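Here's the structure, in structure tokens; my notes come after.
The values are calculated or read from the model by the stated rules, or taken from the named source; none is laboratory data. A quick note: this is a predicted structure, and the numbers were derived from the prediction, not measured. Here Cβ is always computed from backbone atoms with ideal geometry, including for glycine, and neighbour counts include all displayed protein chains.
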Amino acid sequence: MSRAPVNRRILLVDMDAFFASVEQAHHPHLKGQPVIVCGDPSRRGVVTAASYEARPSGVHAGMPLQEARRLCPNAHYVEGDPEKYVAISLALLNLYLSITPDVEPFSVDEAFLSLQGRHGTRAAALAIAADLKQRIRERFGLTASIGIGPNKLIAKMGAGLAKPDGLTDLDEQAFREVFWPLEAQSMWGVGPQLATRLHALGIATVSDLAHAPREALEAAFGIIGPQLREAAWGKDDTPLVPYHQGIEAKSMGHEVTLPEDCEEPAFLEGTLLRLSDQVGRRLRGEGYVGRTVAVKLRDHRFVTRIRQRVLPEFTADHRMIFDTVRALWREHWSGGPLRLLGVTVSSLAKVSGAGQTELFTPDTRAGRLREAMDRVRDKLGEASLVPAGTLTHRRRLGHVPFGPVSGRGRLRNPEP
Amino acid sequence: MTFESLSDPVDVLTAFVDGRIQPLRFRWQGRVVRVRRVTGEWNRREGSTLLRYFSIESHAADSYELCYDPRGPRWILSRAWGAKK
């Protein structure tokens, strides 16, 4: 006896120009105006987000601020507040969880929701999505674009079809009608490089990809070749990982664009120490240890080099991370001016239950000191204790967008 | 309109209604700013302290961000648009 098909629809809720829209909602005089969210607008850096009003000028996230100012001189340049955006993202997540327990946060401004049973019919999913858009607008003053589909792929690609403030519902058949005539690069996960390689095989459109010989794709791209072909048919069996089950991190890193190109070793080293400290603290806070340490160096010509080293043992200790990063930096830095520095730890393992404390804090003076420092920071905040080697660097940097020093530093009591 | 990032302690006339904090007016640089509406609210944790943030629009249509720090308790004006020093 065959079972009745289970009703199931996936929603992808994508907040429109999230960071810029939050600033417009919170500061009504910015509504309808081009808004560019960045680090400290008085220093250089990159565009973090651009409102829809700024986008026709060609401004987009990741663009150097200098170029954005040239393209869109009349925009409002607003210093971003990442902790505010995360807090609002969490409030949105709570709203989604009031609809279904099956919510997978995909990024700070996107989440998948799974609707099943009587809520999983097309009509019910559409009504729920429309109601959700309304509630987001009323409570947060923000708009969202929602894609609805039988799987995550169709929901995600559908959400991008009608932005901002869109609502798109596609089944597999409708997906093919909409996407097959489009360029292969319109597929989720196909970037410019992959698109170029597809082109070389004579695959220009999504339809070409759907009808390409499976063997040829496998020969060219390995295991992802046939997966791409399936995706072009609107097939996707990627499971939704609900929020309550947790998501394993693959890497943790921090990077910073320097206020000006710098070739001063002490300053660069101080920056690497601060970044290593932030990464180590985050690893310990989230219960991870890692084995691969990487340093990212971007020079004044925007040439980026990433160099990494595998450690003999797992660690969450900022000294061990910093020693590795410093060695890599000394080995690979040409001595020329640098624009950006980054530190990442990957090959992560979750540390849980018994032994966690021992792994993080071996019974050494350094381990006990780190444990004490963590306790002080847990109670008083990140800026309450910092490695001394970063102090000169902090005074000069003044502001680090998206680092823990910026916002917290401002809130400290100005009186001695 | 100009944007300023600040950390100015300010005196805020505050209402506590149904467990919620509501800034009503505050004094800044010798002027009284009356809150027309709260346009956004969010929290941030600093160590074990929960800081409460409010975006507000004044009756003069200026825009501000206020932070309530329960450790004082005290209020900090963290951002201002439109008002000149």
Inset, instruction - Collect the residues in region A:103-136 that are under 21 Å from the mean Cα position of the chain (by Cα) and of a type outside the set (G, A, S), keeping them in residue-number order. - result: A:V103, A:E104, A:P105, A:F106, A:V108, A:D109, A:E110, A:F112, A:L113
Inset, instruction - Tally the residues that are within 14 Å of chain B (Cβ to nearest Cβ) and buried (at least 23 other Cβ atoms within 10 Å of the Cβ), restricting the search to region A:46-74. - result: 0
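Checking the condition over 25 Å from the mean Cα position of the chain (by Cα) and under 30 Å from A:R370 (Cβ atoms), which residue from A:E269, A:E215, A:E230 passes? If you could, list the steps in order and put the result at the bottom.
Values: A:E215 fails: under 30 Å from A:R370 (Cβ atoms); A:E230 fails: under 30 Å from A:R370 (Cβ atoms).
Just a single option satisfies the conditions, and that option is A:E269.
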Inset, instruction - Please find, within region A:106-119, the residue that is surrounded by the fewest Cβ atoms within 10 Å (Cβ to Cβ) out of those that are part of a strand (DSSP E or B) and in contact (Cβ under 8 Å) with a residue 24 or more places away in the chain. - result: A:Q116
Inset, instruction - Output the number of the condition that A:R43 fails; it satisfies all remaining conditions of (1) touching a helix residue (DSSP H, G or I) at 6+ places or on another chain (Cβ under 9 Å); (2) buried (at least 21 other Cβ atoms within 10 Å of the Cβ). - result: (2)
Inset, instruction - Please enumerate the residues belonging to region A:336-353 that are surrounded by fewer than 19 Cβ atoms within 10 Å (Cβ to Cβ), at pLDDT 90 or above and more than 22 Å from the chain's Cα centre (by Cα). - result: A:G336, A:P337
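The rows are residues; the columns are (1) in a strand (DSSP E or B); (2) surrounded by fewer than 16 Cβ atoms within 10 Å (Cβ to Cβ); (3) in contact with a His (Cβ under 6 Å, 6 or more places away or on another chain).
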site: A:M252; (1), (2), (3): yes, no, no
site: A:P259; (1), (2), (3): yes, no, no
site: A:E269; (1), (2), (3): no, no, no
site: A:L273; (1), (2), (3): no, no, no
site: A:D277; (1), (2), (3): no, no, yes
site: A:R281; (1), (2), (3): no, no, no
site: A:L297; (1), (2), (3): yes, no, no
site: A:R307; (1), (2), (3): yes, no, yes
site: A:L311; (1), (2), (3): yes, no, no
Inset, instruction - Please name all residue pairs, on different chains or six or more residues apart, with Cβ atoms under 8 Å, provided the first residue is in region A:120-137 and is among the hydrophobic types (A, V, I, L, M, F, W, C) and the second residue is surrounded by 14 or more Cβ atoms within 10 Å (Cβ to Cβ) and in a helix (DSSP H, G or I). - result: A:A125/A:H119; A:I128/A:H119; A:L132/A:L95; A:L132/A:Y96; A:I136/A:L92; A:I136/A:L95
